[in-house]
Amino acid sequence: MRIKFWGVRGSIPCPGPDTFRYGGNTACLELQLDAIDRRIIIDAGSGIRELGNQLMGEHEDGKSIHAEIFLTHTHWDHIMGFPFFAPIYLPSSQFTIYGPITYEKETLKEVLSGQWTYRYFPVRHEDLSSHVNYVHLKEGDYDLGQNLHLTTKYLNHPLLCLGYRFEYMGKTVCTAYDTEPFSNIFDCNPDDPGYDPGIIAQGAQAAADENQRVEHFISGADLLIFDTQYTEQEYCKDHKGWGHSPIEYAIALATRNHVKRLALFHHDIHRTDQQLDELARQHCKSNGDGPEIFFAREGMQIAL
């Protein structure tokens, strides 16, 4: 397995002099399985544009560009690069696009094609030249063929969002973003008119069960790419319920579940390179027992 980060930010692209070392493009990962000639792309944020340009540069006349694209969810920062992904306009290209859907009456194709309308873009989805197949995913286990296995897990985000666990030839890459720890949505002050100890106890158990399932989902991964948009202080002060995790939580989660490498990902748009360097000095220390911890950078490549 070979992994490359093409976009590591959340929310909106933020290129500029303060972000050029870690990168300003939104989420896009490339996973290559050379032995079976398969390319998997996870999310289509603005980083997918440069990936598409590289694929076009490598393209040989008469040959097809093919890839499997897995969307974690359809918030705009995770799909905004699609209209600028050059290979999707090649007649010979073939893509299978996987992802969750929130509304049963609106297909994944309909959600994505909303970007390709004359109101927002000069090309319509119907005018795309490539061959595109859409596959709806739910939480579960999937045999993708050629000894490639996928496990999906619903995460805690304001929109239905999937984590992906790819396993191939004894190696595991796992993504968990956008997400935050599950919490008891029924918890309230005893003075609240709706206070019900029984319901609160059930809510606490449901949150604990889901958090435990996340732990099982990421357990033993060779590489875990985890949402760490905030610090613990930022999260507790202003950002609970926003669907993003604190750095300290991800590190503790990865450590107790024997993850080998932890990529801190989905950097906040206000986080400068200098600030990320300082956070790296605080958090990316190896104690010999836990995972190798690092902040993902645009262009970074990892071989498993």
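Read-outs throughout are calculated quantities, based only on the coordinates presented, and are distinct from any laboratory measurement. All figures in this text were calculated on a predicted structure; none of them were measured in a lab. Here Cβ is always computed from backbone atoms with ideal geometry, including for glycine, and neighbour counts include all displayed protein chains.
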According to the Kirkwood expression over distinct Cα-Cα pairs, how big is the hydrodynamic radius of segment 62-129, in Å? 12.9 Å
Square roots of five times the Cα gyration tensor eigenvalues for segment 223-304, Å: 20, 15, 12
Sites Lys237 and Gln274 - FRET efficiency at Förster radius 22 Å, r taken between beta-carbons, to 0.05: 0.55
At Cys284 and Asn53, where each label point lies 7 Å from the Cα along Cα→Cβ, what is the point-to-point distance in nanometres? 2.5 nm
Whole-Å distance linking the alpha carbon centroid of segment 243-304 with that of segment 88-152 is 30 Å
Cα extents of segment 8-131 along the principal axes, largest first, in whole Å, come to 41, 39, 28
Straight-line reach from Lys138: which aspartates and glutamates have a Cα under 17 Å away, not including same-chain ones fewer than 8 places off? Asp43, Glu68, Glu104, Glu106, Asp178, Glu210
Do you know the relative contact order of the chain, to the nearest whole percent, from alpha carbon pairs under 8 angstrom that are 6+ apart? 18 percent
Out of all DSSP beta bridges with both ends in segment 2-303, state the antiparallel percent to the nearest 5. 50 percent
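Neighbour counts of other C-beta atoms within 10 Å: give me Glu232, Glu58 arranged from fewest to most.
Details: Glu232 12, Glu58 9.
Going from sparsest to densest Cβ surroundings: Glu58, Glu232.
Quick one: grab the alpha carbon gyration tensor of segment 115-214, order the square roots of its eigenvalues as a ≥ b ≥ c, and give me rounded if a/c is under 1.5, else prolate or oblate depending on whether a/b is larger than b/c.
Numbers: a/c = 3.82, a/b = 1.55, b/c = 2.46.
In terms of gyration-tensor shape, oblate.
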Place a point 7 Å from the Cα of Trp76 along the Cα-to-Cβ direction; which residues of segment 110-131 have their backbone N under 14 Å from it? 114-117, 119-121
Straight-distance crosslink candidates among lysines, where the alpha carbon sits under 30 Å from Lys63 and sequence neighbours closer than 8 are dropped: Lys4, Lys109, Lys171
Can you pull the three principal axis extents for the Cα set of segment 2-303, in Å, largest first? 68, 47, 42
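Using a simple charge model, +1 on the beta-carbon of Lys and Arg, -1 on the beta-carbon of Asp and Glu, nothing else, what dipole does segment 2-303 show about its Cα centre, in debye to the nearest 20? Mind showing how you got there, number by number?
Working: 26 positive and 42 negative charges, 133 e Å.
Dipole magnitude for segment 2-303 comes out near 640 debye.
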To make sure I understand the rule: partners must be lysines, Cα under 19 Å from the Cα of Lys285, and not fewer than 8 residues away in the same chain. Which ones qualify? Lys260
Along the charge dipole of the chain, pointing to its positive end and built from +1/-1 on Cβ of Lys, Arg, Asp and Glu, which listed residue (Ile225, Leu31, Ser46) has its Cα farthest out? Leu31
Relative exposure of Trp116, Trp76, Trp6, judged by other C-beta atoms within 10 Å (fewest first): Trp76, Trp116, Trp6
